[in-house]
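Structure, as structure tokens:
The values are calculated or read from the model by the stated rules, or taken from the named source; none is laboratory data. Since the structure is predicted, the reported quantities are computational estimates derived from the model, not experimental observations. Note that we place each Cβ from the backbone using ideal geometry, even for glycine, and neighbour counts take in every protein chain shown.
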Amino acid sequence: MKRILIIILLLWIKSASAQYGSFYKSVINQPKLFKPLAGSFIAHKVKTTIVDGESRKLNYSYLFNNKSLRLEYFYPESKTDSGCSYFILNGHRVNLKGHFEHDFACDLDVASFKVYKGQYNGEKYLLLTCINTGSGSSTSSVICNLFDITDKRSIKYYPLWSKYGSESCFGDFDKDGSLDFLKVRIQGDNDTLRLSLMSLKRERFIPYKEDHYMILNYDSKKIKIEQRHWFN
């Protein structure tokens, strides 16, 4: 029964995210930077692995493997561990602990994982979108794990999330040459959302300096713009 409910929930989120993806493309008019990467995550039991040059005993993980990268998702090693899951990307560990409000993204739903690759302004990126294993409105919070893999010896991680987010949330929306992210949050009632902009500056995504935003209303059938203060 629980499995059926999870499948129904994922299908509903997929439908809502697709509507927002179409909205971003038609209203904000930005080409997609990311394309899906072929492959899937499979359960992967390991006894030892090499992380940053050290041999460590680990429990089990989910492995996404193809010619260009090896991405693993690990649950906490033990009860005394941080309590948060983590990634290992091409041998580099990326912790989720401390990167999201109240650590709400510590336990991710592997069934929701989608992997993309893209380039912008000479930088190469890997994007993994997913939801956490919570319930209620938290499951509509799409986590966008963005990795800068330009230098595979020094991978950068950008923890982002947005209501009904997707790969369509990325672009150069203010046309200043920097990578941007569309941040969507609930404002007031659950059906009312505020869309604003974050921009990658000095290796951090920070809120855009100007007051550009949209107030949206979503009733499960269509998205309506209540207020618009945008760039175009």
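Residues of segment 142-176 that are out of contact with any helix residue (DSSP H, G or I) (no Cβ under 8 Å at 6 or more places or on another chain) and in a loop (DSSP other than H, G, I, E, B): 149, 150, 151, 152, 153, 154, 155, 172, 174, 175, 176. Of all residues in segment 103-130, exactly one satisfies the criterion of being among the β-branched types (Val, Ile, Thr) and surrounded by fewer than 18 Cβ atoms within 10 Å (Cβ to Cβ), namely 110. The set of residues in segment 177-203 being in a strand (DSSP E or B) and in contact (Cβ under 8 Å) with a residue 40 or more places away in the chain consists of 182, 184, 186, 190, 200.
Meeting the requirement of 3 or more residues that are within 20 Å of the chain's Cα centre (by Cα) and at pLDDT 80 or above, the strands (runs of 3 or more DSSP E) wholly within segment 21-67 are 34-36, 60-65.
Return the residues of segment 137-176 that are without any contact (Cβ under 8 Å) to a residue 24 or more places away in the chain and surrounded by fewer than 21 Cβ atoms within 10 Å (Cβ to Cβ); say none if nothing qualifies. If the condition is that a residue be without any contact (Cβ under 8 Å) to a residue 24 or more places away in the chain and surrounded by fewer than 21 Cβ atoms within 10 Å (Cβ to Cβ), then 151, 153, 154, 176 are the ones that fit. State all residues of segment 176-191 that are modelled with pLDDT of 90 or more and on the phi > 0 side of the Ramachandran plot; if no residue qualifies, say none. Residue satisfying the conditions is 177 alone.
For segment 183-199, state whether one or more residues are of a type in the set (Asp, Glu) and crowded, with 20+ Cβ neighbours inside 10 Å. For segment 183-199, residues of a type in the set (Asp, Glu) and crowded, with 20+ Cβ neighbours inside 10 Å: absent. Among the candidates 205, 181, 231, the residue that is farther than 19 Å from residue 26 by Cα and not hydroxyl-bearing (Ser, Thr, Tyr) is uniquely 205.
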